[in-house]
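A quick write-up on the structure given underneath.
We did not get these values from a lab; they are worked out from the coordinates using the rules stated. Computed from a prediction, not measured in an experiment: that's the story for all the values here. Every residue, glycine among them, receives a Cβ derived from its backbone with ideal geometry; neighbour counts consider all protein chains shown.
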Amino acid sequence: MNWSSAFIGVTAPLLIDNIDTDQIIPSREMKTISKKGLKKGLFANWQYVYAKRKKIGLNKDFILNKKEFSHSSILLSGKNFGCGSSREHAVWALIDFGIKVVIAESFGRIFKNNCARNGLLTIELTRMQIEYINKLIKKSTNNNLIEIHLRRKMVITSDNKKFAFNIDPFVMGILLKGQDFIENTLLKEKVIDSFLKKDKIKRSWAHL
Amino acid sequence: MPLTLFEKIWNSHRIIEGKNQPDLIYIDRIFLHERTGSFALKSLKERDLSVKNPKHVFATMDHIIDTFPGRGDETLMPGGKKFITTMRYLAKEFNITLFDIDDPRHGISHLISAEQGITLPGSIVTCPDSHTCTLGALGAIGWGVGSSDCEHALATTTLSGIKPKQMKVTFNGKLNEGVNPKDMMLHLIEKYSASGGSGYAIEFSGDTIHMMPIENRFTLCNMAVEFSAFTGIIAPDQKVFKYLKDRPYSPTNNWSENIKHWKCLASDDDAVFDKYIEINASDIYPSVTWGLSPEESIPINGKIPRANNLTNHEKNKDMASTLEYMGLKNGQSLMGLPIDAAFIGSCTNARLTDLRSAAKILKNNKISPNIKAICTPGSADVKKQAEQEGIDKIFEDAGFQWREPGCSLCFYAGGEGFLPQQRVITSTNRNFRGRQGNGVRSHLASPVTVAASAIAGKIVPPQTITKQ
C-alpha cells in the first residue's frame, strides 16, 4: 500500500460501539496458520445466515454483502473498535477482504498496534464527524466514496467536507516508508546489548 | 520526581527514550500459546530470524487443545491439530521451554507463568494474548500484544510503546457477602464503561485490595483489559513474596535482598496519577451481565436499564439488537431467569480459591436437571491440588463435568461451544456476541454465582444457596 498519495475508497458504515475482535473474526474461523484466506471468517456472525451451528448462506442484509459495499476498503465504526482479544487475525481478515482504513471514534489498544504493524491505517474522528459521514452515505450510496490523505492528515467526504485527524508520527513514518519494525530495532542491537550487560548486574534476579 | 509503581518499572526497563516517539522497553519474559505463538515463531523462521534469548521464553498449549479427559492433539477445532504440532515443533527448534499437554506444569499461560515463578515483581512480561494483564497481581507489568509485536519481542527482547497515562483505582472497605473480585470489576466497568480505562495503566489499591488473597488479585487484574486499560497492577507485598518463594523459576539467591528491592517499587506517596477512581466496597453486589459487553451488567437483584433512560440515540439502537440477541426485555430482572448451562473456568476464575469457593456452594447439592455444567481447572497444578482436597468429587457429585485444564468454553477453544440461544452463566471474562458459540447468550458472573445458579437452574445470587 502506497500511502504517499491520496487514497479513495468505498466506505462501509458499521456504526456499533465496542465491536470486539471476536466479532471481526470468531475463534472458530481461525483455522490455519496462515494470514491468507481469513476474509471468509470476517464478521462471520453477521456475514452468514446460520441454522443451528451450520452456515446456510450469506446474510444479504449485512453491509459488506450488499453490492454497493462489496468492494469497500474503508470501514466506519463507533467507540472502542477492535477491543477484546489480541488476535492479529482480526487485522489480517480485514486486510484479506480489502480494507485499507478503519475510521472510528476510538480503538482497542492492541488492535490499533496490530493495524500499524500490518499497514492498515486507523483514523480517529469525533462522534459528530462519524455520524455526519454515516448520514451522508445513508442519504445516497453514491456518497460512499471517501478520500484519505495521510500526509495531510485529512479525510475528505463526497460533499468535500474536510476532517483533520491526528496520527502518531512514528506510525505515520512506518506507513509512509513501509519500514519493518523488527529490522528497525535490530539496527539498535548494540544499545540493547549494552543495556542488557548493565541490567544483568543491576537486576540479577530477573535473569535466568 | 515522585513516581508511580508502573513508572518505576517502565523507567527501569527503558533502553531508549522516545521523546515524541515510543520508548524502547526491555522485556523480561515472553510467554507463547499455540494459537498466536505458533504464528509468531513461524513468521520468525520464515524470515530467518532467531529468538534472542530463548531462556526467557516459555510456551504452553491452552487456546486450541480441548479439555476432555484423555485428550491428545486431536481437537474438534477445524485445523486445530496443526497449531498444536507446529507449536511443539517450533518450540523445540528455537529451544524454548514448552509446558506440553501432558506436562504436570501445564495450564493456561497466565496461571502457570505465576505458578512457575516465571513472572516476578518489577518485571515486564509479554504474551500475544490480551489477558497478560492478569500478571499485574504480582507487581509486574503484563503487556498483552499481537503476533507481530510478539515476534518483535522474540527477535529483540524489546517492545516499543508510548508510556500509558496513570490511573489509580481505589477500593476501600469490606466486601458484602457473596461478592467476588469479578463483581468488583463488573461494577467498575459498568460505572465507567468498557472503554473507561483506555490509554491508562491502572494501579489497584486500597484496603480491600490489601486484605485480598493473592489469587483473587489475579481476577481483578485479569479484567483490566475489559476496561480497555493498557494493564492492571498491584503493589507487591508480603503475600506476593510468600507466594513466589521457592517457585521453580523464582530466583534462589539473595531472597531477602530481592524483597528489599521489590518493596521499593510501590508508588511514591506523592506520586501523581492522571486519573483517580474511588469505590466503596460496600456499594458492590453480586453482579451479572445482561448484554454483549462487560459494561452491560447489573446487580443480580437489579433490572436491565430501560432504553428510554438512555440519551444517546445510537446506543438505543444497539440496545434493541443486544436485547433481541439475548432474548431479554428492557426493565426486566435477571433474578430467576432460567439457564441452560454453567461454566467455571478461564484465566479469570479457575484458580484453587475460585474452585474452593464454588465447591463450598456445590457441596451436598445437585445441579438442576437438564443443565450442562462444566468445570475446567486453570492448570494441572490447580487440578491436582483440588483433587487432593476432594473438590473434584464435590463438583462431580453435584453434576458438573470435571475437565482437563485449558481455555475451553471461554471462547470455543478446542472447537467446543454451547448451542444457539442457549443461556449460559459463566465465570469467564467476555460476554461478546457468539463468543461461546454462535447465538449463545452468555452471562458473566463470579464462580460462586455460577455454582449457585447451576443448582437453582436459574440466575440467583450466591447467598440463596448458602442460606438454605
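Of note:
- Among the residues of B:432-440, the average count of other protein chain beta-carbon atoms within 10 Å of the residue beta-carbon is 6.
- Shape call, region B:304-466: gyration tensor on alpha carbons, a/c limit 1.5: prolate
- For the protein assembly as shown: rounded, prolate or oblate by the Cα gyration tensor [a/c cutoff 1.5]: rounded
- Under a model in which nothing but the beta-carbon of Lys, Arg (+1) and Asp, Glu (-1) is charged, region A:1-86 shows a dipole of about 560 debye around its Cα centre.
- Packing-based ranking of B:423-433, B:292-302 yields B:423-433, B:292-302, ordered from highest to lowest mean Cβ neighbour count within 10 Å.
- In chain B, the DSSP-assigned H stretches of four residues or longer account for a calculated mean residue ellipticity at 222 nm of -9000 deg cm²/dmol, using -39500 (n - 2.57) per stretch and the full residue count as denominator.
- In this simple spin-label model, placing a label point 7 Å from the Cα along the Cα-to-Cβ direction at both residue A:177 and residue B:363 gives a separation of 6.4 nm.
- Distance from the alpha carbon centroid of region B:57-126 to that of region B:181-213 works out to 29 angstrom.
- With the highest mean first, a sort of the peptides B:165-178, B:35-48, A:174-187 on other beta-carbon atoms found within 10 angstrom per residue produces B:35-48, B:165-178, A:174-187.
- Pairs beyond 21 Å (Cα-Cα), from A:79/B:191; A:190/B:8; B:363/B:393: A:190/B:8
- Comparing A:135, A:52, A:31 in a Gaussian network model of chain A where C-alpha atoms under 10 Å apart are linked, the largest mean-square fluctuation is found at A:52.
- Across region B:304-466, the mean sequence separation of Cα contacts (distance under 8 Å, 6 or more residues apart), normalised by length, yields a relative contact order of 28 percent.
- Gap separating the Cα centres of region B:135-161 and region B:339-356, nearest whole Å: 27
- Selection from A:78, A:58, A:129, by position along the positive dipole direction of region A:7-177 (Cβ): A:58
- Antiparallel DSSP beta bridges within chain B, as percent of all bridges there, nearest 5: 25
- Between region A:7-62 and region B:410-468, the alpha-carbon centres lie 25 Å apart.
- Isotropically averaged projected area of chain B, using the convex hull of Cα atoms (one quarter of hull area), nm²: 22.0
- Set A:31/B:42; B:168/B:360; A:188/B:263; A:55/A:135 screened for pairs whose C-alpha atoms are more than 22 Å apart: B:168/B:360; A:188/B:263; A:55/A:135
- Semi-axes of the equivalent ellipsoid for region A:7-177, computed as √(5λ) from the eigenvalues of its C-alpha gyration tensor and ordered from largest down, come to 25, 20, 13 Å.
- The aspartates and glutamates whose alpha-carbon is closer than 14 Å to the alpha-carbon of residue B:458, local same-chain residues fewer than 8 away aside, are B:340.
- Within the shell of other residues whose beta carbon sits under 13 angstrom from the beta carbon of residue B:54, the net charge comes to +3, with Lys and Arg scored +1 and Asp and Glu -1.
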